[in-house]
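No lab work stands behind these numbers, since they all come straight from the coordinates. The structure displayed is predicted, hence computed values, not measured ones. Positions of Cβ are generated from backbone atoms using ideal geometry, with glycine treated the same way; all protein chains shown enter the neighbour counts.
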Amino acid sequence: MSGERKIEILRAAIELIADEGYGSLSMRALARASGMKLGALQYHFRTWDALLVALVTYIESEIISAFETGVGELERADVRDMIEFMLDEHVGTSDGLFSDRLWAQLWAMEQVEPLISDLLEEVYAKFLALLEAKLVDRGATQPRAEALALLSMIEGESLFSGSGRRWEKDRPAVRKTILQWVDERYGTR
């Protein structure tokens, strides 16, 4: 029961961040959003840092699970599969919990919360290393630089054409353009 309750709390934290912004996340606000008293919340997450570690760990595990459910084992995925999943990540999870709004807030939170910065960098480092290895297999001349450029392009896509953004209507064309570029550059599909 305790594990299930922790997941409910983490999901409430994600919703709070996505809906109200990272600045609205506090232990007290999360307790309220979770329908519990602060002391009960602190039973599950004794400190703010423990909550943040659990939150990023949960997000990472949910994304990997969504990838493996939708695409297959991450280590065996092709470059295009990885890029396509990242472009569709906001719909890649079964309930759309990881929306464009969440990522924008996590990036902002990363600027003021050193622990979040360190944790998200570790998540990105794992994905970057895997993408870089895939690019080496595809004959990339500068696999690290190319992997970083791809990640930058894909992460930036949601800032410009993500849900509720000015150019949201252009999102399908942007997605198609990025995937065509990946196919042409790396001989996928």
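Details
- Residue within the stretch 170-178 that is assigned to a helix (DSSP H, G or I), surrounded by fewer than 18 Cβ atoms within 10 Å (Cβ to Cβ), of a type outside the set (A, V, I, L, M, F, W, C) and under 18 Å from the mean Cα position of the chain (by Cα) present: yes
- Subset tally (residues that are in contact with an Asp or Glu (Cβ under 9 Å, 6 or more places away or on another chain), among the hydrophobic types (A, V, I, L, M, F, W, C) and not in a loop (DSSP other than H, G, I, E, B)) for the stretch 134-150: 3
- Just one of the listed residues (66, 12) is within 30 Å of residue 184 (Cβ to Cβ) and in contact with a helix residue (DSSP H, G or I) (Cβ under 9 Å, 6 or more places away or on another chain), and it is 66.
- If only residues of the stretch 4-35 that are over 22 Å from the mean Cα position of the chain (by Cα) and free of Cβ contacts under 8 Å to residues at least 12 places away in the same chain are counted, the one that is surrounded by the most Cβ atoms within 10 Å (Cβ to Cβ) is 31.
- Count of the stretch 55-92 residues which are surrounded by fewer than 18 Cβ atoms within 10 Å (Cβ to Cβ), touching a residue at least 40 places away in the same chain (Cβ under 8 Å) and of a type in the set (A, V, I, L, M): 1
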